[in-house]
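Chemist: First the structure, then my questions, so here it is.
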Amino acid sequence: MSDGDGSLAVYVGEHSCRALDGISRIGAELPVEIVHGTRTSLRRLRAAVRTVPGAVPDAAAADAALQALALPLGVVRDADVLAALLASEAEDLEPAPARSAAQALLEDELRSRRRDALAALEAAAGTGAWREGAALLEAWCRTPPSPPVPAAEEVLDRAERKVVRRLETSGGEPSRLHAARKAAKRWRYAAELLAAAPDDAPSHEHIEAARVRAEAMQELLGGVQDLEIAHGLLTELVTAADAGSPARTGLEQLRTRLSARQRELIARAVASS
């Protein structure tokens with residue numbers, strides 16, 4: 001089916017322009033919101049390339065070009081998510097000396113991680129692969145491709161089945177649940193893309209229901225992965241801290257709490273399959 005009123009082209013063009021604006025800010029101040037928005041637009045563009053057969057002449061090359069932009073941005077985004085999670089969770093640690101020591105250690109470590117991620121991002125921005133990705137965004141921002149509208153129910157049902165299979169075979173292992181999370185993201189962004197199709201396109205009710213389920217699953221599995229990354233960092237810091245120190249007391253308390261929360265989320269995710 002053709003893209004009737006050009007709605008999908010508008011969708012691709014809009015996210016190409018947003019991503020292009022975001023990457024143009026690299027080297028200057030790069031707030032959390034810009035990193036998140038740019039990363040999300042790149043994900044949506046990759047979903048368009050993957051979801052719609054024939055969306056662009058060389059889908060593999062386009063996906064690789066977009067991935068070259070997305071990967072280093074993702075490292076910055078991961079640092080931002082981790083900082084927000086741990087800052088919030090450390091606020092009510094007890095006793096107060098343990099809280100203060102843990103917060104100070106976390107702030108230093110997370111600030112260093114973001115600084116390193118930004119340095120790596122700036123280095124990536126000087127590569128040929130990055131320039132290819134930027135050129136693609138510029139071209140699509142100016143003249144976006146107009147992908148055909150695929151059969152929505154078939155695409156979304158297949159994407160959902162992939163998520164369910166990965167959940168069923170995960171055994172509750174965080175690494176396998178991370179693979180299910182990636183599939184849930186693709187499912188969600190496919191639904192968002194298809195929702196942008198012309199108003200007279202069939203299956204809009206099916207698309208919206210799929211989008212809601214996919215978003216809920218992505219958020220649930222995202223929580224599992226965020227806590228897995230946080231657990232790894234806390235383990236590193238606990239190991240490095242002096243035994244019996246206030247910092248170690250606070251960090252161990254935080255790690256125990258987040259581990260319990262992760263187990264709860266894993267149980268919910270596995271049960272949902």
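Chemist: Quick check: is even one residue across the stretch 200-221 charged (D, E, K, R), at pLDDT 95 or above, closer than 28 Å to Ala96 by Cβ and in contact with a helix residue (DSSP H, G or I) (Cβ under 9 Å, 6 or more places away or on another chain)?
Modeler: no
Chemist: Inside the stretch 220-262, can you point out the residues that are loosely packed, with under 14 Cβ neighbours inside 10 Å and either among the hydrophobic types (A, V, I, L, M, F, W, C) or under 21 Å from the mean Cα position of the chain (by Cα) (or both)?
Modeler: Answer for the stretch 220-262, where residues must be loosely packed, with under 14 Cβ neighbours inside 10 Å and either among the hydrophobic types (A, V, I, L, M, F, W, C) or under 21 Å from the mean Cα position of the chain (by Cα) (or both): Gly232, Ala240, Ala243, Ala260.
Chemist: Determine which single condition Glu29 fails, assuming it passes every other condition in (1) more than 17 Å from the chain's Cα centre (by Cα); (2) touching a residue at least 40 places away in the same chain (Cβ under 8 Å).
Modeler: (2)
Chemist: For the condition in contact (Cβ under 8 Å) with a residue 12 or more places away in the chain and farther than 23 Å from Arg39 by Cα, what is the one hit in Leu105, Leu137? So that I can check it myself, show each step before the final result.
Modeler: Working: Leu137 fails: farther than 23 Å from Arg39 by Cα.
Testing whether each residue is in contact (Cβ under 8 Å) with a residue 12 or more places away in the chain and farther than 23 Å from Arg39 by Cα leaves just Leu105.
Chemist: Please enumerate the residues belonging to the stretch 24-38 that are surrounded by fewer than 21 Cβ atoms within 10 Å (Cβ to Cβ) and in a helix (DSSP H, G or I).
Modeler: Val32, Glu33, Ile34, His36, Gly37
Chemist: Looking at (1) of a type in the set (A, V, I, L, M, F, W, C); (2) under 30 Å from Ala151 (Cα atoms); (3) touching a Ser or Thr at 6+ places or on another chain (Cβ under 9 Å); (4) surrounded by fewer than 20 Cβ atoms within 10 Å (Cβ to Cβ), which is the one condition that is false for Leu69?
Modeler: Against the list (1) of a type in the set (A, V, I, L, M, F, W, C); (2) under 30 Å from Ala151 (Cα atoms); (3) touching a Ser or Thr at 6+ places or on another chain (Cβ under 9 Å); (4) surrounded by fewer than 20 Cβ atoms within 10 Å (Cβ to Cβ), Leu69 comes up short only on (4).
Chemist: A further question on this structure: Closer than 25 Å to Ala214 by Cα, surrounded by 22 or more Cβ atoms within 10 Å (Cβ to Cβ), polar (S, T, N, Q) and touching a residue at least 40 places away in the same chain (Cβ under 8 Å): which single residue out of Ser7, Ser16 fits that description? Break it down stepwise before answering.
Modeler: Working: Ser7 fails: surrounded by 22 or more Cβ atoms within 10 Å (Cβ to Cβ).
Matching residue, one of Ser7, Ser16: Ser16.
Chemist: Continuing with this model, one more query. Go through the stretch 158-183 and count every residue that is closer than 19 Å to Ser203 by Cβ and either touching a strand residue (DSSP E or B) at 6+ places or on another chain (Cβ under 8 Å) or without any contact (Cβ under 8 Å) to a residue 12 or more places away in the chain (or both).
Modeler: Here the count works out to 2.
Chemist: Which residues, counting only those in the stretch 136-152, are modelled with pLDDT under 95 and assigned to a helix (DSSP H, G or I)?
Modeler: Of everything in the stretch 136-152, just one residue is modelled with pLDDT under 95 and assigned to a helix (DSSP H, G or I), namely Ala152.
Residues checked against (1) over 30 Å from His231 (Cα atoms); (2) in a helix (DSSP H, G or I); (3) modelled with pLDDT of 95 or more; (4) not hydrophobic (A, V, I, L, M, F, W, C):
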residue: Val12; (1), (2), (3), (4): yes, yes, no, no
residue: His15; (1), (2), (3), (4): yes, yes, yes, yes
residue: Arg44; (1), (2), (3), (4): no, yes, no, yes
residue: Ala55; (1), (2), (3), (4): yes, no, no, no
residue: Leu69; (1), (2), (3), (4): no, yes, yes, no
residue: Arg111; (1), (2), (3), (4): no, yes, yes, yes
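Chemist: Counting only residues that are touching a Lys or Arg at 6+ places or on another chain (Cβ under 8 Å) and without any contact (Cβ under 8 Å) to a residue 40 or more places away in the chain, which one in the stretch 235-273 is nearest to Leu177 (Cα to Cα)? Explain how you work it out, then say what you get.
Modeler: Here is the first cut: in the stretch 235-273, the residues touching a Lys or Arg at 6+ places or on another chain (Cβ under 8 Å) are 235, 238, 241-242, 250.
Going one step further and asking which of them are without any contact (Cβ under 8 Å) to a residue 40 or more places away in the chain, we end up with 235, 238, 242.
Numbers: Thr235: 21, Val238: 25, Asp242: 33 Å.
Filtering the stretch 235-273 for residues that are touching a Lys or Arg at 6+ places or on another chain (Cβ under 8 Å) and without any contact (Cβ under 8 Å) to a residue 40 or more places away in the chain, the one nearest to Leu177 (Cα to Cα) comes out as Thr235.
Chemist: Against the condition touching a Gly at 6+ places or on another chain (Cβ under 9 Å) and either in contact (Cβ under 8 Å) with a residue 60 or more places away in the chain or outside any loop (DSSP other than H, G, I, E, B) (or both), how does Ala119 come out, does it pass? Full working, then the answer.
Modeler: On the way: touching a Gly at 6+ places or on another chain (Cβ under 9 Å): no; either in contact (Cβ under 8 Å) with a residue 60 or more places away in the chain or outside any loop (DSSP other than H, G, I, E, B) (or both): yes.
Judged against the criteria, Ala119 is not a match.
Chemist: Check whether at least one residue in the stretch 87-94 is outside any helix (DSSP H, G or I) and among the charged types (D, E, K, R), and report yes or no.
Modeler: Here is the first cut: in the stretch 87-94, the residues outside any helix (DSSP H, G or I) are 93-94.
Those still in the list that are among the charged types (D, E, K, R) too: 94.
Looking through the stretch 87-94, at least one residue is outside any helix (DSSP H, G or I) and among the charged types (D, E, K, R).
Chemist: Within the stretch 122-134, which residues are free of Cβ contacts under 8 Å to residues at least 60 places away in the same chain and buried (at least 18 other Cβ atoms within 10 Å of the Cβ)? Write out each step before concluding.
Modeler: At the first step, the residues of the stretch 122-134 found to be free of Cβ contacts under 8 Å to residues at least 60 places away in the same chain are 123-124, 126-128, 131.
If the condition is that a residue be free of Cβ contacts under 8 Å to residues at least 60 places away in the same chain and buried (at least 18 other Cβ atoms within 10 Å of the Cβ), then Ala124 is the only one that fits.
The values are calculated or read from the model by the stated rules, or taken from the named source; none is laboratory data. For clarity, every value in this text was computed on a predicted model and none was experimentally measured. Because the Cβ atoms are built from the backbone with ideal geometry, glycine has one as well, and the counts that use them run over all protein chains shown.
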